[in-house]
Amino acid sequence: MTAKRQKLIRAVAYYRRSTKKQETSIADQRKAVLKYAEANGYEIVDEFIDDGISGDATEKRFAFLRMREEASSRKFEVVLCWDQDRFGRFDSLEAGHWCYPFRQAGVRIVTVNNGPIDWEDFTGRMMYSMQQEAKHQFLQDLSRNVLRGQIEAAKAGSWIGSPPYAYRIEGESKNKRLIPGDPVHVATVKRIFSEYVEEQRTLTDIARRLTTDGILSSGGSKRWKPSAVRVILANPAYTGLFRSNTYSYSKYHGYRDGQITKGGRRGPNDESDWIVFKDHHPPLVEKRIFNRAQRLLKRNEGRKCRYSRDENPYLLSGLLVCGNCGSLLWGIKNRGQSKVTTPQRYECSKRRREGKNACEGCTVGEQDVLDYLVQFIEENFIPTKDQTRLLSTAKRGKLKQSDLPKGFKKLKRLLVGDRGSASIAKDTHRRLADVEAQIAKAQRNLVLLDANNIPAAEERISQLSKLRDDLKDAAQQTPSENDVNELVSDVLTKLFWLCSLKEDEMRPVLNEIHRITIHTTGRGGGSARRYIFDHGDIEFAGTSGCSPHPEP
Ligand SMILES: [Zn+2]
C-alpha cells in the first residue's frame with residue numbers, strides 16, 4: 001500500500017494480438033497489465049488495442065500509430081505491455097523509425113514480463129531476435145548467392161579455389177585464369193608423370209625420390225607422400241581441362257539441370273551437370289600421357305604392396321644413390337632401341353636435371369651392380385667350404401642359423417641392427433599413433449576446405465585409414481625373437497639364391513636391399529664422359545625398412 005502514497009506514474013496500456021490463435025488474448029493481456037500497474041504504482045490513463053494485426057505490419061496498427069502521436073502530448077510517461085513482442089517486431093532500421101518519437105517524448109516501455117526496458121537495451125534485444133529469425137533465411141540466401149556466383153564464374157571459365165600445384169592464378173575475380181607457375185614445380189609435375197608412366201615407378205618410389213631431391217610439395221612440405229603424387233597424377237587440370245561443379249557440398253542448394261535448385265547434398269554430381277572447358281589453360285602434360293596414367297592408377301588401385309618393383313624394367317629402380325652427391329640414380333632411357341634388349345644403365349639424377357656443373361656424375365650399368373652384389377654376398381655370407389651343400393639346402397627350403405652361424409649373425413645385425421624385436425614393435429605403435437593423429441586432423445580440417453579440395457582430402461583420409469588398418473595388423477603381429485630369426489633365415493636363403501639366379505628371378509631378392517651407394521671414377525668431359533664402376537655401399541632393408549607399408 002506504499003504505492004498509493006507515492007505519486008502514481010501516468011501510463012497507457014497497449015495490447016496487440018496478431019492473427020495467430022496461440023497468442024495470449026487481449027483479455028488476458030489486459031488482466032496481467034492491470035495487475036502489474038496496480039502492484040508497481042502505475043495509473044493507466046488510456047488503452048490502445050490492435051487486434052488481428054501482425055507485429056511487422058506496423059503501418060496498419062492504427063492504435064499504435066495513435067499512441068505514438070499522443071506520446072508527444074506528455075499525457076503519459078510509460079507504455080505498459082504484456083511483453084516486448086506486443087510492442088512490435090521491427091527490423092533494426094524500422095525500430096528506429098517507430099520508436100524514436102517515444103524516446104523524444106521521454107516515454108519508456110515497461111513490460112509485465114521484463115519490467116522497464118532501456119531503449120538501448122530494447123533495440124539491442126530487438127535486433128538480436130530479428131537476427132535469430134533472419135539467420136536461417138540469411139544462410140539460405142547466402143548459400144544460393146555463393147553458388148550462383150561460383151556457377152557464373154565457372155561458366156565464364158574463371159578458376160574457383162586455389163590453383164593446382166605448379167599453376168598460379170592470373171586475373172581478377174570472375175576472370176581467374178591458370179598460368180604455369182614456379183618452373184621447378186612445372187618440371188616436377190612433368191617428372192612425376194614421366195616417372196609414373198614411362199619409368200613405371202610406384203607412387204611411393206616417386207614420393208621418396210622427390211623428397212630426396214629436396215623438392216617442396218604442394219603444401220610446402222619437405223616430405224612428399226604417395227597420396228600427394230596420386231592427387232597430381234589424377235588431376236585433369238594438367239591437360240588444360242577445366243572442370244567445375246563435379247562435386248556438391250552445399251547444405252541448401254545444388255546446381256542441377258542448368259539451374260540452381262533447392263535441397264543440397266554432399267557428394268559427386270552427375271557428369272551432365274559438370275561445367276567443362278577443353279583447352280582452357282596451358283597444359284603441362286600431354287593428354288595421351290595423362291590417359292595412360294589414369295589406366296595405370298586404376299590398375300594399381302588397391303594393390304597392397306607399393307614396394308613391388310615387379311613391372312619396372314629398371315630392376316634397380318630407386319635403389320641406387322650417387323656416391324658424389326647423394327641423389328638417386330635414374331634409369332637412362334634407351335632411345336630408339338625399344339625392341340632391342342639392351343642392358344639398363346643408371347645416371348645421377350641431379351646431373352641430369354641440373355646439368356654437368358651440379359654433380360661430377362655417376363653412371364653405372366645394371367650388370368656391374370648385380371655382379372658386385374653377388375660377389376659381396378658370396379664374400380660375406382657364403383663360406384668357402386660346404387658351398388654346394390648350403391646352396392642345395394637354400395634351394396630346397398631354408399637356411400638355418402645352425403647352417404652358417406657366422407653369416408647368420410652378420411646378416412641379422414645388418415637387418416635389425418643391434419635392436420631387439422621389442423623396439424620394432426615400439427616403432428610400429430609410434431607410427432600407428434602418428435597416423436591416427438593425422439586422420440583426426442584431416443577430418444577436422446575437412447569442414448574448413450574449399451569445395452575443390454574436398455575430394456582430394458577425402459581420398460587422403462581413406463588412404464590414411466587403409467594405412468592405419470595395416471599398421472594395426474602389424475602391431476598385433478609384433479615379431480618375437482623367433483620371428484626375427486625366421487626373417488633372417490628367409491633373407492639369407494634368398495641371398496644364396498641370388499648367386500645362381502637369372503636376372504628376372506632377382507626381383508624378390510632385391511626387395512631385401514634398401515639402398516646401394518654407387519662409387520665410380522669419371523673420365524673425359526662433356527657428353528663423352530665415361531664412368532668406371534668402383535664399388536657400392538650396400539644397405540639392407542631390415543625389418544623396419546621392410547615394414548608392411550611405406551611411410552605415408
Ligand atoms: Zn650426383
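Laboratory data are not the source of any read-out in this text; all were calculated from the coordinates shown. What you see is a predicted model, and the numbers here were worked out from it, not measured in a lab. No Cβ is skipped: glycine too gets one built from the backbone with ideal geometry, and neighbour counts run over all protein chains shown.
Miscellaneous remarks
- Protection proxy ranking of 402-409, 209-216 - average other beta-carbon atoms within 10 Å, highest first: 209-216, 402-409
- In plain terms, the chain from ILE169 to THR521 could stretch by 122.0 nm, reckoned as 0.36 nm per residue minus the Cα-Cα distance.
- Residues whose amide H falls under 5 Å from that of LEU320, counting only those 5 or more places apart or on a different chain, are LEU329, ILE516, with hydrogens built in the peptide plane.
- A cut-off of 5 Å between modelled amide H atoms, ignoring neighbours fewer than 5 places along the same chain, links TYR42 with ILE9.
- Qualifying GluC sites (Glu not before Pro) for segment 138-233 [loop in DSSP, other Cβ within 10 Å: at most 12]: GLU172
- For GLN401 and GLU458, the difference between the fully extended length at 0.36 nm per residue and the C-alpha to C-alpha distance is 15.8 nm.
- Seen from TRP224, the other residues with C-beta closer than 10 Å to its C-beta sum to a net charge of +4, counting Lys and Arg as +1 and Asp and Glu as -1.
- Other residues lying with their Cβ under 13 Å from the Cβ of ARG353 contribute a combined charge of +3, Lys and Arg counting +1, Asp and Glu -1.
- Close amide-amide hydrogen proximity is noted between ARG256 and THR261, each under 5 Å apart and 5 or more residues distant or on a separate chain (H modeled in the peptide plane; Pro and chain starts excluded).
- Take 47-53, 276-282 and order them by the average number of nearby Cβ atoms within 10 Å per residue, most first; the result is 47-53, 276-282.
- Over 22 Å (Cα to Cα) - which of LYS190/LYS222; LYS441/LYS472; LYS222/LYS278; LYS174/LYS287 fall in this group: LYS222/LYS278; LYS174/LYS287
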